1. Would you pick out the residues in region 171-206 that are hydroxyl-bearing (Ser, Thr, Tyr), touching an Asp or Glu at 6+ places or on another chain (Cβ under 9 Å) and within 18 Å of ILE65 (Cα to Cα)?
2. Collect the residues in region 373-400 that are among the aromatic types (Phe, Trp, Tyr), surrounded by fewer than 21 Cβ atoms within 10 Å (Cβ to Cβ) and closer than 18 Å to GLN141 by Cα, keeping them in residue-number order.
3. Can you tell me which residue within region 36-90, out of those that are among the aliphatic types (A, V, I, L, M) and touching a Ser or Thr at 6+ places or on another chain (Cβ under 8 Å), is surrounded by the fewest Cβ atoms within 10 Å (Cβ to Cβ)?
4. When the residues of region 186-218 are narrowed to those that are aromatic (Phe, Trp, Tyr) and assigned to a strand (DSSP E or B), which ends up surrounded by the most Cβ atoms within 10 Å (Cβ to Cβ)?
5. Of everything in region 345-390 that's of a type in the set (Gly, Ala, Ser) and part of a loop (DSSP other than H, G, I, E, B), which residue is nearest to ALA135 (Cα to Cα)?
6. Residues being of a type in the set (Asp, Glu) and farther than 15 Å from ILE394 by Cβ: count how many of those fall in region 344-367.
7. Give the number of residues within region 350-378 that are within 16 Å of GLN38 (Cβ to Cβ) and either over 17 Å from the mean Cα position of the chain (by Cα) or of a type in the set (D, E, K, R) (or both).
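Each reported figure results from applying straightforward, stated rules to the coordinates on display, with no laboratory input. Every value quoted in this text rests on a predicted model; they were computed, and no experiment measured them. When we count neighbours, we look across all protein chains shown, and the Cβ atoms used for this are built from the backbone with ideal geometry, even at glycine.
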Amino acid sequence: MAIDIKPEELIPAVAREINGSDRQRFETSKFLQRASRQATDRKYYDFLIVDADAHHYENEAWDDIIKYIEDPVLRRRAENAHRAGVPNLNILHTQPTRQNVDGRIQTTTARRSERAGHASVAEAEVTLIRNEMDAIGLDYQVVFPTPMLNLGMHPDHQVEVQMSWAYSRWLVEEILPRDPRMKTMVYLPFNTPKACKRVIEYFTGKTGVVGFEVTSSRYRPVHDNEYMPIYRMLEERDMPIAFHAGYHDWERAFAGMNKFISVHSIGFVIYNIIHMINLVVNGIPERFPELKVLWIEQGLAWLPFIMQRLDNEYTMRTSECPLLKKLPSDYMRDFFYTTQPMELVNNRALEFSMKKMHAETQLLFASDYPHWDFNLPSTIYDLPFLSEQAKRNILGQNAAKLFKLEDKKVKPRATAAA
């Protein structure tokens, strides 16, 4: 049956202005009512949908997190910064943000009003995530932090070790056990390989943990020999590693960019491009053939460019890549990718990108909610060039295989009764 798509539904994200009164009475279910209507119209309750990348704002649960900091000096510093009202700046070394378009997009700040009235921080956290999952029509959601995505650029590597450990313990021990639909890929403090080993040993097998992630905004080369034991540990445990894209506003290469649109267009791609090239050229997929690698939040349009460029370079300089047994693009097609942000302006170009990277088996749907450019499942469901099976694979089954999730509906949703 044909779906009646209204013009406003062609917009991939609900990035609209929220006025003062809306901020006072913000409700996820109301904000995402268009998403709920799409879920009902497209009968999402008939098939599995997994969101491989969504976010929460861990700084809103700071009191609960910092108690897990093991270093007493840093814990005291975090407590004092929290009391002063500047926990992010003093501890996480975060960058100035320009994503809210000079205050016109208030989604993230408005959502805070919805946390009020809950018995605990954990209850509020779980309720918000449940509300968005139910509204969008999701069976599972993989949750990532937000301010901490820039920790890889922190000048004190011990802060990354301590803060990521505290956050992961809070999330895995206090939040995930409350709802089996909520999952995460645990943060790896990648600037300190020794600490990564401890994280993998401690969190593998814990409730809700489906893999491990590296925040991509960092300079240390991912082919450094110190990382080889980490890749081996993940391969042996059959746990995927994800490189979550991000931008670094203080990056010298971006110094001449005066608009956020400029930085965002390349900033969320550049670090993952660098890490991917280093992994492929240095033969990491050959050394660890069973290691599953996922690339998150960089869209798809860059893939054909890097595949073609790298293949061409390789044919002229094969001696520099002695471990490779096939073209670089062939290794790239063995990796996994998430959809968001989908480049929806040209269907022919998007179709080409998906064919180049074998989307039917390697692509995972991601919303990136609640960020300003989040995508809904309709961005995949409504694509005219995808087969029905390809849509179902991308929307849920590929993620179910990668993360070892049950490939069935988790529970009846409100959309099923609508």
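1. THR184, TYR187
2. None; the set is empty.
3. Once the filter is applied, the top-ranked residue is ALA54.
4. Selected residue: TYR187.
5. Here the answer is SER367.
6. Qualifying residue count, region 344-367: 0.
7. Within region 350-378, residues that are within 16 Å of GLN38 (Cβ to Cβ) and either over 17 Å from the mean Cα position of the chain (by Cα) or of a type in the set (D, E, K, R) (or both) number 1.
Quick grid of which residues meet (1) assigned to a helix (DSSP H, G or I); (2) out of contact with any helix residue (DSSP H, G or I) (no Cβ under 6 Å at 6 or more places or on another chain):
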| site | (1), (2) |
| --- | --- |
| PRO285 | yes, no |
| GLU290 | no, no |
| LEU294 | no, yes |
| PHE305 | yes, yes |
| GLU313 | yes, yes |
